[in-house]
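Here the structure comes first, spelled out in structure tokens, and everything after it is commentary.
The values are calculated or read from the model by the stated rules, or taken from the named source; none is laboratory data. Keep in mind the model is a prediction, meaning the values are calculated, not measured. Using ideal geometry, Cβ is built from the backbone for each residue, glycine included, and neighbour counts are taken over all protein chains shown. Side chains are part of the model used for accessible areas, which takes the heavy atoms of the whole protein and leaves out ligands, DNA and RNA. Shrake-Rupley method; radii C 1.70, N 1.55, O 1.52, S 1.80 Å.
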Amino acid sequence: MSTTSLQLSPERKERAVAAADQLGISTHAFMVGAISQATDAAEQRAEFVAQAQSALADMQESGLGYDADDVRTYLRERLSNSDAARPEAKPWRK
């Protein structure tokens, strides 16, 4: 395992130490956990953006999309009915 050095302002270091103490873990474990969470979040966001770009490309190629009101209605219904019917894609090009 490689070593990485972090330079923190005194205030940030004090906050990290206090947070780690409150959690009952070492400052090192706290920082490793924070980096792990940030890495996971960045990867999830990148995957979300990739899926959105793919969906946009599909929509532009097919000329089909979903009416926002239909989607909102579906999502509201889905909260109480897992068998809610999905909205149908409609042509959006004129």
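Only residues that are farther than 30 Å from Glu88 by Cα and open to solvent by 70 Å² or more (accessible area, probe 1.4 Å): list them for segment 26-59, please.
Answer for segment 26-59, where residues must be farther than 30 Å from Glu88 by Cα and open to solvent by 70 Å² or more (accessible area, probe 1.4 Å): His28, Val32, Ile35, Gln37, Asp40, Glu43.
May I ask you to list pairs of residues, at least six apart or on different chains, whose Cβ atoms are under 7 Å apart, with the first in segment 28-53 being on the phi > 0 side of the Ramachandran plot and the second being part of a helix (DSSP H, G or I)?
Once the first residue is on the phi > 0 side of the Ramachandran plot and sits in segment 28-53, no partner that is part of a helix (DSSP H, G or I) comes close enough.
For segment 14-21, check the following and say yes or no: at least one residue is loosely packed, with under 10 Cβ neighbours inside 10 Å and at pLDDT 95 or above.
No - not one qualifying residue is present in segment 14-21.
Select, from Phe30, Phe48, the only residue that is part of a helix (DSSP H, G or I) and touching a helix residue (DSSP H, G or I) at 6+ places or on another chain (Cβ under 9 Å).
Among Phe30, Phe48, only Phe30 is part of a helix (DSSP H, G or I) and touching a helix residue (DSSP H, G or I) at 6+ places or on another chain (Cβ under 9 Å).
Conditions (1) in contact with a strand residue (DSSP E or B) (Cβ under 9 Å, 6 or more places away or on another chain); (2) among the aliphatic types (A, V, I, L, M), marked per residue:
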{"residue": "Ala29", "(1), (2)": "no, yes"}
{"residue": "Ala38", "(1), (2)": "no, yes"}
{"residue": "Arg45", "(1), (2)": "no, no"}
{"residue": "Ser54", "(1), (2)": "no, no"}
{"residue": "Asp67", "(1), (2)": "yes, no"}
{"residue": "Glu77", "(1), (2)": "no, no"}
{"residue": "Ser80", "(1), (2)": "no, no"}
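Give the residues of segment 60-94 that are of a type outside the set (Ser, Thr, Tyr), surrounded by 12 or more Cβ atoms within 10 Å (Cβ to Cβ) and touching a residue at least 12 places away in the same chain (Cβ under 8 Å), sorted by residue number.
Leu64, Gly65, Asp67, Asp70, Val71, Pro87, Ala89, Trp92
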